[in-house]
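Presented below is the structure to which this report refers.
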Amino acid sequence: QAPILHSELYRSEYVCVMRRGHPLAEVELTLDNYCEAQHLLVSFSGRGQGLIDEALAAVQRQRRRVLTVNQFFTAARVVANANLLTVLPLHFVKVTGYADQLVFRPLPFEVSPVLVDAVWHRRSQQRSSHVWLREVVQRAANSAFQQTPSA
């Protein structure tokens, strides 16, 4: 038996995010106009490329990264005030505090979904305090991201 257990808290998808009034906000987002635009990269590690760049490379394309920040909140704030595109998890857009200033569109290429799991050691599986904590965290995730509990 594996010593580590997990349960899915929520799943989401990545979307292209831009400010209301951005030139691409009123037209179909194609792979060409997406790649030609200027982009803000969110990199928690400081790397110059991310998941989106890897997905684009798989279809022999690249985007023009002109700015990098290290958190989704900062990205939303910057994009709300600039002609830049960024990619955020869809579930995060509504909690940025800038959702009314932003527009999001499906990405014009395939990218893996956002999966967030709770992970714990098997020895904690039956501890009443740990069971309670996992239930509270799952309810909070369900409430925040409007999902039904998984079986």
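Counting only other residues whose beta carbon sits under 14 Å from that of Asn81, what net charge do I get with K and R as +1, D and E as -1? After counting each charged neighbour, the total is +2.
Beyond 11 Å, what share of the Cα-Cα pairs of the stretch 89-136 is found? Please give it as a whole percent. Working shown, then result.
Details: 878 of 1128 pairs.
Considering the stretch 89-136, 78 percent of its Cα-Cα pairs are separated by more than 11 Å.
Here r is the Cβ-Cβ distance between Gln49 and Glu28 and R0 is 25 Å; the resulting FRET efficiency, rounded to 0.05, is 0.45.
Within the P(r) computed for the chain, what percentage of the Cα pairs occupies the region above 20 Å? It would help to have the intermediate numbers written out before the result.
Values: 6267 of 11325 pairs.
Looking at the chain, the distances longer than 20 Å represent 55 percent of pairs.
If you take all other residues with their beta carbon under 14 Å from the beta carbon of Gln1, and give Lys and Arg +1 and Asp and Glu -1, the sum is +2.
Under the rule that an exposed site lies in a DSSP loop and has at most 16 other Cβ atoms within 10 Å, name the longest stretch of the chain with no chymotrypsin sites (Phe, Trp or Tyr not before Pro) of that kind, not counting the sites themselves. Please list the in-between numbers first.
Numbers: sites that count: Phe44, Phe109.
That gives 45-108 as the longest site-free run.
Counting only DSSP beta bridges with both residues in the chain, the antiparallel share comes to about 75 percent.
For the chain, the dipole from Cβ point charges (+1 on Lys and Arg, -1 on Asp and Glu) about the Cα centre works out to 540 debye, to the nearest 20. Taking every alpha-carbon pair under 8 Å whose residues sit at least 6 apart, the chain reaches a relative contact order of 40 percent.
Every number here is computed from the coordinates shown, using simple stated rules; none is lab data. These numbers were taken from a predicted model, which means no experiment stands behind them. Virtual Cβ from ideal backbone geometry, glycine too; neighbours counted across all protein chains shown.
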